[in-house]
Amino acid sequence: MIFGLLLHVWAAIIWVGGMFFAHFMLRPAAAPLEPSIRLPLMRRALARFFPWVWVSIALLLLSGAGMIKLGEGGVHVQIMMGLGILMMLAFGHLYFASWRRFQRALDGGDLPAAAKQLTHIRYIVTFNLVLGLVVAAIGATGPYW
């Protein structure tokens, strides 16, 4: 049970921490760059981050299901699970819609369209970051409710 909890916490840290870094450090640092430099930079950074998100999602689902099966539960776990699934669905939309459109626009040299898709990605990341921080707070405090 401890190993499952550790995997769960590490996966959440990787996903939420990566979003925090991208949103509050990488994006502002890249903002002054010309689009021809900024957009490929963001593509390379996100292309390295997204596989880690997929691994995190898999670990969160497996470890969460395992802990529930072993008797972990309560209202806080149900809330975390619901919000986590919402985050996963939002990421799925980000990855299979906005991310793909961003890559196609960038590959086609349409920098304004790529920038527009990157803005959509930022909105989804912001949404997921807020949810992720809420889920972390619930996970840390839920057992004490």
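The values are calculated or read from the model by the stated rules, or taken from the named source; none is laboratory data. Quick caveat: nothing in here was measured; it's all calculated off a predicted structure. Here the Cβ positions follow ideal geometry from the backbone for every residue, glycine too, while neighbour counts run over all protein chains shown.
Only one residue in ALA30, ALA45, ALA22 is within 15 Å of VAL125 (Cβ to Cβ), over 16 Å from the mean Cα position of the chain (by Cα), surrounded by 15 or more Cβ atoms within 10 Å (Cβ to Cβ) and not aromatic (Phe, Trp, Tyr), so which one is that?
ALA30
Can you tell me which residue in segment 75-87 is nearest to ALA47 (Cα to Cα), limited to those that are under 12 Å from the mean Cα position of the chain (by Cα) and crowded, with 17+ Cβ neighbours inside 10 Å?
Taking segment 75-87 and keeping what is under 12 Å from the mean Cα position of the chain (by Cα), we get 84-87.
Restricting the remaining residues to those that are crowded, with 17+ Cβ neighbours inside 10 Å gives 84, 87.
Values: GLY84: 22, MET87: 19 Å.
Here the answer is MET87.
Yes or no, residue by residue, for (1) at pLDDT 95 or above; (2) farther than 21 Å from ILE14 by Cα; (3) surrounded by 16 or more Cβ atoms within 10 Å (Cβ to Cβ):
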residue: LEU59; (1), (2), (3): yes, no, yes
residue: ALA65; (1), (2), (3): no, no, no
residue: ILE68; (1), (2), (3): no, yes, no
residue: ALA97; (1), (2), (3): yes, yes, no
residue: LYS116; (1), (2), (3): yes, yes, no
residue: TYR123; (1), (2), (3): yes, no, no
residue: THR126; (1), (2), (3): yes, no, no
residue: VAL130; (1), (2), (3): yes, no, no
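Going by the structure shown, is THR126 assigned to a helix (DSSP H, G or I), over 24 Å from VAL55 (Cα atoms) and among the β-branched types (Val, Ile, Thr)?
Against the criterion (assigned to a helix (DSSP H, G or I), over 24 Å from VAL55 (Cα atoms) and among the β-branched types (Val, Ile, Thr)), THR126 does not qualify.
Confirm whether GLY4 is in contact with a Ser or Thr (Cβ under 9 Å, 6 or more places away or on another chain) and in a helix (DSSP H, G or I).
So GLY4 fits the description; yes.
Only residues in segment 1-27 that are without any contact (Cβ under 8 Å) to a residue 60 or more places away in the chain count as the first member; pair them with residues that are hydroxyl-bearing (Ser, Thr, Tyr) and outside any helix (DSSP H, G or I), Cβ under 6 angstrom, at least 6 apart or cross-chain, and list the lot.
Final answer for the pair search is none.
Does ALA45 satisfy the criteria of being within 27 Å of LEU118 (Cα to Cα), out of contact with any Leu (no Cβ under 8 Å at 6 or more places or on another chain) and modelled with pLDDT of 95 or more?
no
What's the number of the only condition in (1) surrounded by 15 or more Cβ atoms within 10 Å (Cβ to Cβ); (2) modelled with pLDDT of 95 or more; (3) of a type outside the set (A, V, I, L, M, F, W, C) that ASP107 fails to meet?
Among (1) surrounded by 15 or more Cβ atoms within 10 Å (Cβ to Cβ); (2) modelled with pLDDT of 95 or more; (3) of a type outside the set (A, V, I, L, M, F, W, C), ASP107 violates only (1).
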